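Asks: Input: one structure, supplied below.
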Amino acid sequence: MIKKIFLLFFCALSFNNLNAQSKTDIESIFKMQLFLNRKNVQFRTMDSSIVKNDSLYKVFEEVTNLKIDTLKLENKITGDFEEEFQFFKLSIDEIRNNRKLINDEFQYIGFGSGMCDFYILALNRKTGISYRLSGFDVNDFFGFLSDFKVSYFNSTGKKLKTSKFIKNYKVENLDFECLYKGLKIDGIDRKKYPCLMRCSDRIKMH
């Protein structure tokens, strides 16, 4: 079941954190986040659905191939943690299947495109924690910002103001000011704050 997936995934991730020579597998993290982001498939004609479980994830993980880009960042904030955070982009067009999906598999593990063209994850290389920053149904910006400030304080002994972070830390394809303002208010206004658009907001098939 899905709890088993979490357990196996985070056990493996914890092992990587303990092994200084290991590198966190960003493709595996992306696959897990994409899979968890998908909704269960509901059937109109019967009172049942295809739910996310370890068997379905295994099929998804084996069939899906991803081409992930590392995003450039401009860091004008002083500190020794410049390489601690990395940012990765996955374009919708770069989600491929290594075989033809059969029967109803596309409903369960296939991908179309919606209101956005890509997903972005941030990764803390020291802790192995990932943050969904674009395209996903849930946005982890405030969790990322909080952990970033902790890393800054641990490195410099000083507190980091949000305004200083937004002004001096830039990542391509991300608008931190938009994320901060859009997530701070009650309710989500994706028209006013397009950075909050989700790839599932409108489905259109390629």
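Asks: One residue is enough: does the range 159-177 have a residue meeting the conditions assigned to a helix (DSSP H, G or I), acidic (Asp, Glu) and within 13 Å of Leu196 (Cβ to Cβ)?
Replies: Scanning the range 159-177, I find at least one residue that is assigned to a helix (DSSP H, G or I), acidic (Asp, Glu) and within 13 Å of Leu196 (Cβ to Cβ), so the answer is yes.
Asks: When you scan the range 151-182, how many residues do you find that are among the small types (Gly, Ala, Ser) and crowded, with 16+ Cβ neighbours inside 10 Å?
Replies: So the count comes out to 3.
Asks: So, in the range 183-203, of the ones that are under 19 Å from the mean Cα position of the chain (by Cα) and outside any loop (DSSP other than H, G, I, E, B), which residue ends up surrounded by the fewest Cβ atoms within 10 Å (Cβ to Cβ)?
Replies: So, considering only residues that are under 19 Å from the mean Cα position of the chain (by Cα) and outside any loop (DSSP other than H, G, I, E, B), the one surrounded by the fewest Cβ atoms within 10 Å (Cβ to Cβ) is Pro194.
Asks: Got a sec? Which helices (runs of 4 or more DSSP H) wholly within the range 1-109 have at least 1 residues that are touching a helix residue (DSSP H, G or I) at 6+ places or on another chain (Cβ under 7 Å) and at pLDDT 70 or above?
Replies: Per the criteria, 26-37, 54-63.
Asks: While we're looking at this one, here's another question. Do we find a residue being over 21 Å from Thr70 (Cα atoms), free of Cβ contacts under 8 Å to residues at least 24 places away in the same chain and of a type outside the set (Val, Ile, Thr) anywhere in the range 133-151?
Replies: Yes: the range 133-151 contains one or more residues that are over 21 Å from Thr70 (Cα atoms), free of Cβ contacts under 8 Å to residues at least 24 places away in the same chain and of a type outside the set (Val, Ile, Thr).
Asks: Exactly one of (1) loosely packed, with under 15 Cβ neighbours inside 10 Å; (2) in contact with a helix residue (DSSP H, G or I) (Cβ under 9 Å, 6 or more places away or on another chain) is unmet by Phe141. Its number?
Replies: Result: Phe141 passes all but (1).
The values are calculated or read from the model by the stated rules, or taken from the named source; none is laboratory data. None of these values were measured; they are calculated from a predicted model. Positions of Cβ are generated from backbone atoms using ideal geometry, with glycine treated the same way; all protein chains shown enter the neighbour counts.
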